[in-house]
1. According to the square roots a ≥ b ≥ c of the eigenvalues of the Cα gyration tensor, what is the shape class of region 122-174, taking rounded for a/c under 1.5, prolate for a/b larger than b/c otherwise, and oblate for the remainder?
2. Using a 1.4 angstrom probe on the protein heavy atoms only, could you order MET21, MET145 from most to least accessible area?
3. Any idea of ASP20's accessible area? Nearest 10 Å², probe 1.4 Å.
4. For HIS80, what accessible area in Å² do you get when you roll a 1.4 Å probe over the heavy atoms of the protein chains, rounding to the nearest 10?
5. As a test question: what accessible area, to the nearest 10 Å², does TYR206 have when a 1.4 Å probe is rolled over all protein chains in place?
6. Which of the GluC sites (Glu not before Pro) across region 35-90 are loop residues per DSSP, with 15 or fewer other Cβ within 10 Å?
7. So for SER142, SER93, what's the accessible-area order with a 1.4 Å probe, most first?
8. Which of the trypsin sites (Lys or Arg not before Pro) found in region 161-220 are in a DSSP loop and have at most 14 neighbouring Cβ atoms, other than their own, within 10 Å?
Amino acid sequence: RLAKSIKAARADKKLAAEVDMLERLKAFLEEGHLAKNFELQSEEEEEWFKEYNLLTAKPVIYAANVAEDDLADDGATNEHVAKVRQFAADENSEVFVICEIAELDDEEKKMFLEDLGIAESGLEKLIKASYKLLGLISYITSGEMETKAWTITKGTKAPQAAGKIHTDFERGFIRAEVVSYDHLVENNGYNGAKEKGLVRSEGKEYVVQDGDVVLFRFNV
């Protein structure tokens, strides 16, 4: 009976802690804030918060639709875009600038962007903003048959990144041979980059960077 009483007391204590968090959260939301900016004070609170699946806890990206004249400088001189960017910064959100050219075909879109001196389309900006907001990066593997990009969480170490391809790669990880994509292109491929000493051998503690081209060595 004593054990049951202790267990019940612990349950009540846990419930009381969650109620306290909910009261803080309710007050925070009523002040007009988004749930995603609510400060959680423990791992336990993080678990509770995930279970609520609140709509305003989701990441947010704002699209600023501008005229052609504002597209060339990415809306830098547009006061309305500046206000959106400030609001987004205050809310830990992302912004990308677009101009509605959906009625154009692919070739016309390409010519339109080139005339404005713009390298990226609105879709490409959206993808980049989404990755940044979600804390994601990509690394690349390449062989004779194919080249492939793998999406991982920023901060992932080499063995876990290898595990994205296959669990055997992580389990038997030995090392990673790494070169940046830019260095690979600038030196006409892997061999050229290796000749200039730009290919590095990295161990288990290496944190994979966005745009890394990686060859994993493993043994199982």
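1. On the way: a/c = 3.80, a/b = 1.58, b/c = 2.41.
Since a/c reaches 1.5 but b/c is at least a/b, the shape of region 122-174 is classed as oblate.
2. MET145, MET21
3. Looks like 80 Å² after rounding.
4. 120
5. That residue has around 40 Å² of solvent-accessible surface.
6. The qualifying sites are GLU39.
7. Output order, biggest surface exposure first: SER142, SER93.
8. Values: sites: LYS164, ARG171, ARG175, LYS194, LYS196, ARG200, LYS204, ARG217; in loops: LYS164, LYS196, LYS204.
Answer by residue number: LYS196, LYS204.
The values are calculated or read from the model by the stated rules, or taken from the named source; none is laboratory data. In this text, all values refer to a predicted model and were calculated from it rather than measured experimentally. Quick reminder, even Gly has a Cβ in these numbers, built from the backbone with ideal geometry, and neighbours come from all protein chains shown. Just the protein is used for accessible areas: all its heavy atoms, side chains included, with ligands, DNA and RNA removed. Shrake-Rupley method; radii C 1.70, N 1.55, O 1.52, S 1.80 Å.
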